[in-house]
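Here is the structure we will look at.
The values are calculated or read from the model by the stated rules, or taken from the named source; none is laboratory data. Every value quoted in this text rests on a predicted model; they were computed, and no experiment measured them. Note: ideal-geometry Cβ built from the backbone for every residue, glycine included; neighbour counts use all protein chains shown. Please note that ligands, DNA and RNA were not included when accessible areas were found on the heavy atoms of the full protein model with its side chains. Shrake-Rupley method; radii C 1.70, N 1.55, O 1.52, S 1.80 Å.
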Amino acid sequence: MVRSVVRGIGSYVPPKVVSNEDLSALMSTSDEWIRSRSGIRERRFAEEGVYCTDLALEAVRRALGDADMEPSDLDFIIFATLSPDHHFPGNACYLQAKMGISDIGCLDVRNQCTGFLYSLAVADSFIRTGMYRNILVVGSEVHSSAMDFSDRGRDVAVLFGDGAGAVILSPSENGDRGVLYTELHADGQYARALYMDVWDISRKPFLGPEAVQSDVIWPKMDGKTVFKHAVIRLIQVFQSALKKSGVRPEDIKYVIPHQANMRINHLVAEKIGIPPEKFLHNMQKYGNTTAASLPLLLDETYRAGKLEKGDLLLLLAFGSGFTWGASLLRW
Ligand code: ACO
């Protein structure tokens, strides 16, 4: 049986560290408020002039190095982001050009914090049907250019950071390793619980001077609704994935959860009855990097030497849309 295995993985965060104290100089907030509500201590911000695809390119170089592959070995690119370089064309096309290759197919996935899981599922399907062999899956975000650092936007601005992660998926005939199972969900009735209407095509023009003066250029979030649904949906999808794949909680070496909020992840771990140390975190250092969050954490875990061949991992995500999902991966 053909399965999709991670042949290479890499990640990158920009060097500029922004602490909670740094944000307190811009808005009425505090290290204590941010840490107690989210677990986040600092995040990375890209400098002006740096694109989302620039961060991605660094992560891709590391993933290619890990796989001992060249860009020309790739057959397809999938790019998950909510902060693309431009509204169109997609980031996968920009990245392809920066990698110095052409011709192979490029796909952008706009599924926010669940974008990497959706992308992984698409790549896995392409590989298992034999359509493509080596697929680059990237999650990358530059949030720091699109947040309101005044008191008005403080509920959102303190949570997010910039970063990128990338994996190369390839087929393996030895069917016991790789992506074993994926489950994806969405509920569009909550689309406006976390959204940004800067590009509103019903306005004519879509972004006139009045719109720019208003708050449409900033993301808006109903934090309590997001929090409540994240906990409920992550528990549901966790239990469903295990049941449908016949895996027991004790079989899982690590849960690689989306890095939005420590309190969300602790509540999920508690309700599922999984020891909290099995839930890995790096949001303390990077905040919520949306589509980059899962590959960034997976790469750090791998490079820290914590993963051995055959380890069973559960990837979990929830985000704007609402979208959510789970993927079981045997390393
Ligand atoms: N610093 C200080 N005070 C703040 C800040 C801030 N950065 N942001 C908001 N506040 C204030 C509010 O104005 C409000 O003040 P008021 O009571 O005077 O009106 C008060 O803090 C709200 O406090 P709480 O009710 O205690 O806030 P809550 O516990 O709901 O925490 C938070 C807010 C952290 C946003 C929480 O709702 C949350 O984490 N929600 C999930 C959001 C999330 O994770 N989004 C990520 C994207 S989706 C995903 O990835 C899962």
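The residues 6, 268, sorted by heavy-atom accessible surface at 1.4 Å with ligands and nucleic acids left out, run 6, 268 from largest to smallest.
According to the calculation over all Cα-Cα pairs in segment 3-172, the P(r) per 10 Å bin from zero is 11, 37, 30, 16, 7, 0 %.
For the chain, the relative contact order is 26 percent, taking Cα pairs closer than 8 Å that sit 6 or more residues apart in sequence and dividing their mean separation by the residue count.
Sequentially through segment 124-134, phi angles give Karplus couplings (6.51, -1.76, 1.60; θ = phi - 60°) of 4, 5, 4, 6, 5, 7, x, 5, 9, 9, 9 Hz, Gly and Pro residues having no value and appearing as x. Solvent-accessible area of the chain (1.4 angstrom probe, protein heavy atoms only): carbon and sulfur portion equals 51 percent. The aspartates and glutamates within cross-link reach of residue 253, meaning a Cα-to-Cα straight distance under 15 Å and a gap of 8 or more places when in the same chain, are 277, 308, 311.
Applying the Karplus relation 6.51 cos²θ - 1.76 cosθ + 1.60 with θ = phi - 60° to segment 52-61 yields 3J(HN,Hα) values of 4, 6, 5, 4, 4, 4, 5, 5, 5, 4 Hz, where x marks Gly and Pro. Each other residue within a Cβ distance under 9 Å of residue 171 adds +1 if Lys or Arg and -1 if Asp or Glu, for a net charge of +2.
Shown in residue order for segment 13-23 are the 3J(HN,Hα) couplings computed by the Karplus curve 6.51 cos²θ - 1.76 cosθ + 1.60 at θ = phi - 60°: 10, x, x, 6, 8, 10, 8, 4, 5, 4, 5 Hz (x for Gly and Pro).
The listed residues 227, 322, once ranked by accessible area (1.4 Å probe) with the largest placed first, stand as 227, 322.
A Gaussian network model of the chain, with springs between Cα atoms under 10 Å, assigns the largest mean-square fluctuation among 87, 143, 258 to 87. Take segment 3-172 with all the other protein chains still there, run a 1.4 Å probe, and you get 40 Å² of accessible area per residue. A Gaussian network model of the chain, with springs between Cα atoms under 10 Å, assigns the largest mean-square fluctuation among 127, 274, 104 to 104. Which one, 276, 171, 89, has the greatest fluctuation when you compute a Gaussian network model over the chain with C-alpha springs under 10 angstrom? The residue with the greatest mean-square fluctuation here is 89. Our Cα-only numbers for the chain put the radius of gyration and Dmax at 19.0, 59 Å.
When 55, 180 are compared by accessible area of protein heavy atoms, the largest-first order is 180, 55, using a 1.4 Å probe.
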